[in-house]
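Only one structure is covered here, and it is reproduced in the block below.
Every number here is computed from the coordinates shown, using simple stated rules; none is lab data. It should be emphasised that the depicted structure is a prediction, and the values quoted were computed from it without experimental measurement. Virtual Cβ from ideal backbone geometry, glycine too; neighbours counted across all protein chains shown.
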Ligand SMILES: C[S@@+](CC[C@H](N)C(=O)[O-])C[C@H]1O[C@@H](n2cnc3c(N)ncnc32)[C@H](O)[C@@H]1O
């Protein structure tokens, strides 16, 4: 059974395998995805995932649910460095079950979370009940936030799954207030068929949009992942 994907200027390939696999790499599971990854118009590998189906088990991974106090503290430390020092408006795109949204809210920020998956949004709303946070079902590439603008757009492990990362980054830049920042946490996972965005590519896409880029390699900090990891994980803070 074949599926057709467009690559670059209309060149098409047939990705033949549709068998679902569970992509588990040390310490993180990104979800159920097709073995048929493809390359989009930005040259980035991507694969479709049923995020609604993943929602119930998503928080079982240490870096997703942040249930282990050490893992939680490690992410809280990083977020404190990456987000503005004062109380700010944060847009968490592809917020999933809201684990990072909760850390941001605990640090005094007002959070708007957006996710395409209603099941993820339902869990995020429950996780942040009573907090200064709202969660919307919507597409991260064009989030339904109207005229509202933000001090930081936070996106963890989402850009890799979007079909047009360059376009998304340009749109997110437009959602920022002056001197706002993009906080992007990404990686390249797996060894047989690696998926994700290499840091060189992401920084290249960000360079025309940002006045300053800060790249932080995260693979060496086992506390973030609940164990050692061998693949590439990183964050980029892009100041506009
Ligand atoms: C790997 S999870 C990351 C969740 C969260 N950012 C975190 O770090 O815990 C990817 C999330 O992105 C969401 N997602 C994927 N494509 C999306 C899109 N086009 N718009 C909004 N959300 C999307 C999925 O539903 C899922 O919740």
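Shape annotation for region 142-240: C-alpha extents along the principal axes are 41, 25, 24 Å, from largest to smallest.
Among 86-92, 222-228, sorting by the average number of other beta carbon atoms lying within 10 angstrom of each residue, highest first, gives 86-92, 222-228.
Sorting 239, 117 on the 10 Å Cβ count, fewest up front, what's the list?
Working: 239 14, 117 22.
Ascending number of Cβ neighbours within 10 Å: 239, 117.
Kirkwood Rh over Cα pairs of region 60-239 into Stokes-Einstein at 20 °C, 1.002 mPa s: D in µm²/s? Intermediate results must be reported in sequence, preceding the final value.
On the way: Rh = 16.3 Å.
Using the Kirkwood radius from Cα pairs, D works out to 132 µm²/s.
Give me Rg over Rh for region 95-168, both radii from the alpha carbons and Rh done the Kirkwood way, two decimal places.
On the Cα set of region 95-168, Rg over Rh gives 0.94.
Highest mean first, the peptides 198-204, 212-218 sorted by other C-beta atoms within 10 Å per residue fall in the order 198-204, 212-218.
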